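A quick write-up on the structure given underneath.
The values are calculated or read from the model by the stated rules, or taken from the named source; none is laboratory data. Please read all numbers here as calculations on a predicted model, not as lab measurements. Heads up, the Cβs are rebuilt from the backbone with ideal geometry, glycines too, and the neighbour counts pull from every protein chain shown. What goes into the accessible areas is simple: the full protein's heavy atoms, side chains included, and nothing from ligands, DNA or RNA. Shrake-Rupley method; radii C 1.70, N 1.55, O 1.52, S 1.80 Å.
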Amino acid sequence: MPQAIATVVEGTRDGAGTVVGSRGAGAAASQGSDFAPLLRAVKGQGLLERRAGWYTAGIVTNLVALGAVLAGMFLLGNTWWTLLLALPLAIFWSRTAFVGHDAGHAQISGDRRASRVIGLIHANLLLGMNEAWWNDKHVRHHANPNHIDKDPDVGVGALVWTQKQAAQREGFARWLTRNQARLFFPMLLLEGIALKISGFQYLRRQPAGERALSALLLIAHLGLYAALLLTVMSPGKAVVFALVHHALFGLHLGMAFAPNHKGMEMPDPDGDRWGHLQRQVLTSRNVRGGVLTDWFLGGLNYQIEHHLFPSMPRPHLRLAQPMVRAHCEALGMPYAETGLIESYRQALQHMHEVGEPLR
């Protein structure tokens, strides 16, 4: 994933959610200057400096773990017991996706070419997911999170995110919207396959040279993946393994991304344009937790800090959090943070409310 994402920059919750400050979305003053002091403080602490050694160790560890799972598949061979390894393989595939995500944000390296090579290897080759498609989509999301006209993540798709979108649904899509909250997690089981399909569809939008390389790596991934499964097990077992593996992979990724913005503020397209601090903080939600939460969510649980500083290396997000929280508190700006289960509840509650007029 190219370095372009790094150039994007540089509502009160109840229940178990924690919010610092009480100022509403439209009350920010001097928007252009709100972010500058925080940026200077973060730079002064060296939190925007790369952590190449940390990422190198993480990448090597993940590759070794993937290799161990593959070795286990060969050792078990053509048996249904091999299906149990679909779970760890899905987990380490998600770890691979997190590396590709961080490479696209230039968190790993400041060199554009190095970042793209890392992204191509981890996304296209290892996952069969087109990094150029993801990069294009993700840049637009970071520039205008939760903006109904500009953020592709809240556009009309299988799910919808506003009652205005819901009112336009017809037929099966209308039934889907009525029940989207209860269907959300089951639908995530299809996300692993959907990512591959979207990547291939995006090829026609890429420049010829870039398209050729992307397509080559995507096809190589499919060939290697099929060869692995068919070498280890019978065609029937291979198909079942692939389906289970992709279902678990999609579920894991969805569980990592779902808590971040769903149910948070959505800027009024016809209202005043928010400043960077307001636009990123009010639309994002952090998830509390320790080392295990950080690992499971790939650092995306520090979504506010990540959106404010997209190129900040993952291990520095936790260190920046107290500074960001204190800055928001001083400005009277809400800072949303909640537990993992509560974050899902809030996201599902929003989806349920969106479909309410159709029930």
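Per-structure values
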| read-out | value |
| --- | --- |
| Surface per residue (accessible, 1.4 Å probe) for the chain, Å² | 43 |
| Formal net charge of residues neighbouring Gly104 (Cβ-Cβ distance under 12 Å; K, R +1; D, E -1) | 0 |
| Helix-derived mean residue ellipticity, 222 nm - over the chain, DSSP H n ≥ 4, -39500 (n - 2.57), to 500 | -18500 deg cm²/dmol |
| Where Phe35, Phe241, Phe296 fall by accessible area, highest first, once all protein chains stay in place (1.4 Å) | Phe296, Phe35, Phe241 |
| When the range 215-359 is reduced to its Cα atoms, the Kirkwood hydrodynamic radius in Å | 18.0 |
| Anisotropy class of the range 299-357 from Cα gyration tensor, a/c 1.5 cut | prolate |
| Met233 accessible area, assembled protein chains, probe 1.4 Å, Å² | 10 |
| Calculated P(r) of the range 46-109 - Cα pairs past 20 Å, % | 39 |
| Three-way shape label, the range 132-259, alpha-carbon gyration tensor, a/c 1.5 | oblate |
| Area accessible to solvent at Ile91, 1.4 Å probe radius, in Å² | 50 |
| Heavy-atom accessible area order for Asp270, Asp136, Asp111, largest first, 1.4 Å probe | Asp270, Asp111, Asp136 |
| Whole-percent carbon and sulfur share, accessible surface of the chain, 1.4 Å | 63 |
| Out-of-range pairs (alpha-carbon distance over 19 Å; input Lys150/Lys196; Lys164/Lys196; Lys137/Lys262) | Lys150/Lys196; Lys164/Lys196 |
| Accessible heavy-atom area order of Phe257, Phe184, Phe172, highest first, probe of 1.4 Å | Phe172, Phe257, Phe184 |
